[in-house]
C-alpha cells in the first residue's frame with residue numbers, strides 16, 4: 001500500500017503577497033484580544049512572520065461588555081501605530097474598523113452612521129452563536145438601506161443554523177457577504193463547525209476570509225491550515241480580500 005504525505009506548506013508561502021486580514025483583535029486592552037501594548041506588538045510580529053503585513057483589526061463593539069466607541073478604537077489604533085513606528089516595523093500596514101454585535105446599541109449607531117468600516121461602506125457584523133436577534137433580517141435590511149454592505153463574521157460558528165442550513169441560503173439572499181474564520185478549516189472550533197465550513201465552501205457561500213486572531217494560541221493553531229489543498233480551496237476567496245481591501 002502506498003501512503004501519500006500531506007503537502008504541508010509554510011504560512012508565509014500560503015498567504016499571497018498583499019493579503020489583507022480583515023478580522024482580528026489586536027488593539028490593547030479593549031476587548032478579549034490583546035491585553036496590553038506589548039501583547040499587541042507580539043501578535044502583529046507573529047502575523048508578519050506568516051506574511052500577513054496588511055491588517056484591518058476589528059475590536060468588538062458589544063453593549064456593556066465591550067462598549068467601544070469610534071473614538072476609543074481610533075485612539076488605540078494610533079497608540080499601536082506609533083509603537084510599530086518606534087520599533088522600526090515600517091512594513092506593517094495597520095488599520096482599524098470594528099466587529100459589531102447586531103443588537104439595540106448597534107441599531108442606534110447605524111441610525112447615526114457612527115460606524116467604523118473596513119473600507120468604503122463594508123462593515124463587519126456578528127450575532128449570538130446560539131440565538132440570532134428576532135429582528136435579524138430587519139437589521140440587515142436597515143444596514144443596506146443606510147448604504148452599508150454587511151459582512152457576516154464566521155457564519156460557520158453560528159450553532160443555531162447547523163441543523164437549519166437553509167438559513168444560510170436566506171442570509172446570502174438577504175445581501176450578506178460571508179467571512180470565513182480560517183481556523184475553522186483546521187478543526188480548531190470542533191468537528192461540527194468544520195463540517196458546516198466544508199458545506200459552505202462547497203456551495204461557494206464564502207466571500208472573504210479572516211484570521212480572527214485574539215491571542216498567541218490562535219496564531220499557533222493557524223499553522224494547521226498550511227496545506228496545498230486548503231490553499232487551492234480558498235484561493236479565489238483570499239483574492240477577494242486583496243482586491244477589496246488593499
field: Fewest-first ranking of 58, 211, using other Cβ atoms within 10 Å as the exposure measure
entry: 211, 58
- request: Please report Rg over Rh for region 64-131, where both radii come from the alpha carbon positions and Rh follows the Kirkwood definition.
  value: 1.05
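May I ask you to compute the full-extension gain from residue 117 to residue 137, defined as 0.36 nm times their residue separation minus their alpha-carbon distance, rounded to one decimal in nm?
Details: separation 20, 0.36 × 20 = 7.20 nm, distance 2.02 nm.
Computed gain between residue 117 and residue 137 is 5.2 nm.
What ranking do 14, 205 get, fewest neighbouring Cβ atoms within 10 angstrom at the top?
Working: 14 23, 205 18.
Lowest count first: 205, 14.
Assuming 1.002 mPa s and 20 °C, estimate D for region 11-245 with Stokes-Einstein, Rh taken as the Kirkwood radius over Cα pairs, in µm²/s.
Values: Rh = 17.9 Å.
Here the translational diffusion coefficient equals 120 µm²/s.
Would you mind ranking 194, 232, 216 by Cβ crowding within 10 Å, fewest neighbours first? Intermediate results must be reported in sequence, preceding the final value.
On the way: 194 16, 232 9, 216 12.
Lowest to highest Cβ neighbour count: 232, 216, 194.
Values in this text are rule-based calculations from the coordinates and carry no lab data. Bear in mind the structure is a predicted one, so any value in this text is a computation, not a measurement. Here the Cβ is made from the backbone with ideal geometry for all residues, glycine too, and neighbour counts use every protein chain on show.
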